[in-house]
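The values are calculated or read from the model by the stated rules, or taken from the named source; none is laboratory data. Since the model is a prediction, treat every value here as computed from it, not as a measurement. So basically every Cβ, Gly included, is an ideal-geometry build from the backbone, and we count neighbours across all protein chains shown.
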Amino acid sequence: MCIRDRTRYTIRDNARFARGVIEKMGLKNVIAVGHSYGGGIVLALAALDPEGIRGVISIAGVSRPLGQVDPFFYVNIIPVLGRGLAAIGAALLAGDMVEEGVKDAFKPNETLITKQYMETRKIIFTQTKVIVTTSHEDVGCDPDLAELGNSYGKIAIPVRIIHGEADAIVPFKDSAWLEKEVKTAKLVPVKNTGHMVQYAHPETIIAAVEELNR
């Protein structure tokens, strides 16, 4: 949820947007599932606005500051100028960056990457508007998570944390830490799996949804 000039690029605001969707659709007993940055969003729902949420599932989700932001992202958020620089960067560098990022995300399960998957991700993530939005979210992510972390102890609804032990994007140790912070949390470690658990082991995600839906 990133509406230019009206909405901040934060996990908390994305959680508000998700709440709006839930209410607009009249959903009840929701199981909110989020991957990576989306994992932070469902945690925000659980901590700050859990009404009507049956449980949440964080898949390789961010939960505390990662401590690293690509300098490229800071350039892209410069007012006005940033969009132009992002467009130039997309033409010169972004395709290679997307390919490298996809490979890192799937590692050690790179054989699951298809040509179509890679090409589609390049089309999506080399759009100027996507680069600018992603840059804003990445730059603001750590402060968001530092603030959100103070609310984890208040979470009272079931939380399932599914994380690949070989994740090269979000450290597995962060989810191990989160399990200790959230009294209702259960960590499901997945061996020999990286950041893209939902592709490597979809059955693990399905089992978690079924468990919370009983």
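With respect to being more than 16 Å from residue 103 (Cα to Cα), touching a Pro at 6+ places or on another chain (Cβ under 8 Å) and assigned to a helix (DSSP H, G or I), residue 178 falls outside the description.
Listed here are the residues, each with its yes/no results for (1) at pLDDT below 60; (2) within 19 Å of residue 137 (Cα to Cα); (3) part of a loop (DSSP other than H, G, I, E, B).
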site: 64; (1), (2), (3): no, yes, yes
site: 67; (1), (2), (3): no, yes, yes
site: 83; (1), (2), (3): yes, yes, no
site: 86; (1), (2), (3): yes, yes, no
site: 90; (1), (2), (3): yes, yes, no
site: 97; (1), (2), (3): no, yes, no
site: 102; (1), (2), (3): no, yes, no
site: 105; (1), (2), (3): no, yes, no
site: 111; (1), (2), (3): no, no, no
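Residues of the range 28-57 being surrounded by 24 or more Cβ atoms within 10 Å (Cβ to Cβ) and either aromatic (Phe, Trp, Tyr) or out of contact with any strand residue (DSSP E or B) (no Cβ under 8 Å at 6 or more places or on another chain) (or both), which ones? Correct list: 44 only. Residue count for the range 187-214, restricted to those that are closer than 17 Å to residue 64 by Cα and assigned to a strand (DSSP E or B): 1.
Run down 209, 170, 190 and say which single residue is over 25 Å from residue 118 (Cβ atoms) and modelled with pLDDT of 95 or more. Just a single option satisfies the conditions, and that option is 209.
Residues of the range 153-170 that are touching a residue at least 40 places away in the same chain (Cβ under 8 Å), over 15 Å from residue 38 (Cα atoms) and outside any strand (DSSP E or B): 154, 155, 156, 157, 158, 166, 167, 168. Picking from residues in the range 171-200 that are without any contact (Cβ under 8 Å) to a residue 24 or more places away in the chain and in contact with a strand residue (DSSP E or B) (Cβ under 8 Å, 6 or more places away or on another chain), the one that is surrounded by the most Cβ atoms within 10 Å (Cβ to Cβ) is 172.
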